[in-house]
């Protein structure tokens, strides 16, 4: 009986401790909820986390978006792709059990949040595709439990990889693509013995690859492409689990290590665009399931390895622009997985193994500029999309069976010895984009039913022996941009239907054509398109052809002269001759003057994908997108790339007036020398004595003025699923304002001579596809003179009644 109180005491104590424990756990959940609600408020309650609301029925572990719990405690926050802006606050580390943070693909900005280094339990840290700047700092070494770190595509201040990385012994996955890394890869990376995935591509890393990097036994993926690395690839390779390696677009030299042939898990090898030399190791592909092999743009010699497709899963071979030779390995005939072979610009020779043409999965076959010979087979594989075999020694007829490759888009057989007619069955290729057969010995007529080539953009049949007339069906090919039928034996008139085409390039020279040039091409843009066709005439003397008007007029004069020879005196004949001579001399002088005026000059400030021909031929009313006090603005497509440019045309019937000349010179002087992501790019200028063109990058979202005061709208979905319309949401407005401010800051502080725009307004702030701001229209800008020079700004320039902010 004496023990009974003791038992009651123990039971009471058990219930008390249980209750106390329950209250402590509940308090912890409330504290975590408070932290998360504070985080929501910090980010101004974005729609993506509207589910973060206190509830008596459910905790944050049950219904809150992006929250993961373990045993009732928050262990992960994953809010990728939620359009969240702002900064990451330090109090997030108050979630003591947090092991994962994933805020990738948002719009976080500002200095990199070093306070997160206090989240000591973090194992997964993912912040790629944001807008962080600043530097990482050696303190990152405090995260000793880290296994996954992704910081790709952030605009960090250029800096080296912190030495603190060497302390992250548990790190398995490290990715810092396009993160402004500079300097050398530190040797401490070799200490990361658990590392499986390393991606430092698209940076400015220099120096040699650490010798021990390819000895990390757990390494499976190594990406160091698009840097400035030099020296040789490490010869000692013990990373026997390596699956993918990409060292392309660097300055690596020496030979390809023999050890690559021992990697039995190797699937992907890309070493292109380096300075590698020597032969390709014969063992590569023989011991692995190699899928992609790319060694293009190097200085390699010798042959392709015979067992490159030893695993019979090889998909792509790329070895173009090298000094490789010999024949294509016959073993590739059995490589049924092969989809792409690109070997152009080498010294390969011999005939193509017959079975290679019929591989069931082959889509791309590019072997131009080699020494291959033989004839094409009667039938090619039906899977073929691109066939580039130009500048070889192929001969014989083009087989009708090519129509079996019904999805063929590109056929370039230029610079060979093909003969015979263009097969009629070739017109069955309805998906054809490019047909180039220049520089062969083709004869006969152009097939008349080419109307089926609805997608054709390039037709090049120049320098052959083709006869007959140009089919009228050519004028009904809606996407045709380039037409070259020069150097043949074509006769008859140029079909007027061709004038309906919007051609970027036209060459019908050196044929036997006659009649009038279609009026759409009767302008200086096409001054070399019709040469050496003695039967052609044109109204514009700058085309260097006979004048259609003069021919009609001269025939009438000759008829009259035959009558006048009988009835008039010799003096009348003399006066007519004098008059005729004066007429010819004046006409010659006039043509010379017009020719001098219309000579176009192109001055480029960027690498261009077009020439003046592309621009001038598209300055039509259909392409007009705006006009202002100083000229008209056109949108011009620049060919196959699908890109567009904006062309500002400053025009006057006489000489440019002084004010417009100053505006033009100012815009050229400023935009031709400055380059900044928030200032519109001037690509080039094209000018002659009476007209000046400025060619800019095209901004698909027009101007800020159009979004603020025009009809432009975009939609957002609320958390309830309803859709509401706004002109611009505040995050985008902030983005635009910051972009414009950065552009102005660059002009005011970072140029060698400060620049004042003096006409900053919403119509002069253009927006790209991502709503990034570009400052435009520098026609009224002026460089500030350096201290001590006599020049001063003496007028207020800009829009009438408007003064831009200083």
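A short reminder: the numbers here are calculations on the coordinates, not readings from a lab. This structure is a prediction, so every number in the text was calculated from the model and none was measured. Positions of Cβ are generated from backbone atoms using ideal geometry, with glycine treated the same way; all protein chains shown enter the neighbour counts.
Obtain the nm distance between the two label points defined at residue 425 and residue 187 by a simple spin-label model: each point lies 7 Å from its Cα along the Cα-to-C-beta direction.
With each label placed 7 Å out from Cα toward Cβ, I get 6.7 nm.
Mind ranking 676-685, 472-481, 371-380 by how tightly packed they are, going by the mean number of other C-beta atoms within 10 angstrom, highest first?
Working: 676-685: 20.4, 472-481: 18.0, 371-380: 16.3.
So the peptides 676-685, 472-481, 371-380, ranked by packing, come out 676-685, 472-481, 371-380.
With a point put 7 Å past each Cα toward its Cβ, work out how far residue 206 is from residue 624 in nm, to one decimal.
5.3
How much FRET efficiency would the formula 1/(1 + (r/R0)^6) give for residue 50 and residue 454, where r is the Cβ-Cβ distance and R0 is 45 Å, rounded to 0.05?
On the way: r = 49 Å, r/R0 = 1.09.
Rounded to the nearest 0.05, the efficiency is 0.35.
For segment 89-224, compute Rh as the Kirkwood radius over C-alpha pairs and then the Stokes-Einstein diffusion coefficient at 4 °C and 1.567 mPa s; write the answer in µm²/s, rounded to an integer.
Numbers: Rh = 15.0 Å.
Answer from the Stokes-Einstein relation: 86 µm²/s.
log₁₀ I(q)/I(0) of segment 306-459 at q = 0.14 Å⁻¹, via Debye over equal Cα point scatterers, no solvent, to two decimals?
Each listed q maps to, in turn, -0.66.
What residues of segment 77-98 lie in the reach of a label at residue 730, counting those whose backbone N is under 13 Å from a point 7 Å from the Cα along Cα→Cβ?
85-86
Would you kindly calculate the mean projected area, averaged across all directions, of the convex hull enclosing the Cα atoms of segment 208-302, in square nanometres?
Details: hull surface 20.1 nm².
For segment 208-302, averaging the hull's shadow over all directions gives 5.0 nm².
Can you pull the Kirkwood radius for segment 257-369, inverse mean 1/r over Cα pairs, to one decimal in Å?
Details: mean 1/r = 0.0723 Å⁻¹.
Result for segment 257-369, one decimal place: 13.8 Å.
Would you please state the base-10 log of I(q)/I(0) at q = 0.14, 0.16, 0.18 1/Å for segment 370-438, with intensities from the Debye formula using one equal scatterer on every alpha carbon?
-0.36, -0.48, -0.62
Starting from the Cα-Cα distance between residue 745 and residue 570, subtract it from 0.36 nm times their residue separation and give me the gain in nm to one decimal. Mind dumping the intermediate values first?
On the way: separation 175, 0.36 × 175 = 63.00 nm, distance 8.17 nm.
Extra length available between residue 745 and residue 570 comes to 54.8 nm.
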